[in-house]
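Take a look at the structure below.
The values are calculated or read from the model by the stated rules, or taken from the named source; none is laboratory data. Computed from a predicted model, the values in this text were never measured in an experiment. In this analysis, Cβ positions are derived from the backbone assuming ideal geometry, glycine residues included, and neighbour counts consider all displayed protein chains.
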Amino acid sequence: MVVPKERIYGDLEEARCPVCSEILLEPVTMPCGHSVCLHCFQRTVKLISLCCPLCRLRVSSWARRQSREKSLVNTDLWELVRLSHPERCRRRLEQRDREFEIIIYASRKRSMTVSQLQ
Ligand SMILES: [Zn+2]
Ligand SMILES: [Zn+2]
């Protein structure tokens, strides 16, 4: 498959997260093929529904496995997004870093409850 990387996600619409409507930051691609940013995934999918926010596919066991293998982020897609929109990614990462600690803290607290349920 030889497609120039810049062209695949050259269009911002295709690299946009359906949850926050911003550029996909560290995209997590679910088994259904939908992608959301890692921090949107942590905040919505993992903490609340364990379903894809778009098509409602249950991703709980998939998410558990990916988390365990530390392979939640779709690194290929993330690289494409960064290549296509370096400036936007940089700005969002700076923004994200400020709120990230709070999310990590919240998800740790929550993941205890989740693993007890399963
Ligand atoms: Zn997002
Ligand atoms: Zn989906």
Study note, to complete from the structure: Scanning the range 79-92 for residues that are surrounded by 14 or more Cβ atoms within 10 Å (Cβ to Cβ) and either touching a helix residue (DSSP H, G or I) at 6+ places or on another chain (Cβ under 9 Å) or under 14 Å from Pro31 (Cβ atoms) (or both) gives Leu80, Val81, Arg82, Leu83, Ser84, His85, Arg88, Cys89
Point to revise | Where a residue in the range 28-56 is farther than 21 Å from Lys70 by Cβ and its partner, wherever it lies, is assigned to a strand (DSSP E or B) and within 13 Å of ligand 1 (Cβ to nearest atom), with Cβ under 8 Å and at least six apart | key: Pro53/Val36
Practice item. Output the residues belonging to the range 27-44 that are outside any loop (DSSP other than H, G, I, E, B), out of contact with any strand residue (DSSP E or B) (no Cβ under 7 Å at 6 or more places or on another chain) and not basic (Lys, Arg). Key: His39, Cys40, Gln42, Thr44
Study note, to complete from the structure: Of the conditions (1) at pLDDT below 85; (2) under 17 Å from Glu14 (Cβ atoms), the single one that Arg110 does not satisfy is (2)
Exercise for review: Would you please list the contacts, defined by Cβ atoms under 9 Å and residues six or more apart or on different chains, that run from a residue in the range 60-72 that is free of Cβ contacts under 8 Å to residues at least 60 places away in the same chain and surrounded by fewer than 12 Cβ atoms within 10 Å (Cβ to Cβ) to a residue that is assigned to a helix (DSSP H, G or I) and not acidic (Asp, Glu)?
Suggested key: Ser71/Arg65
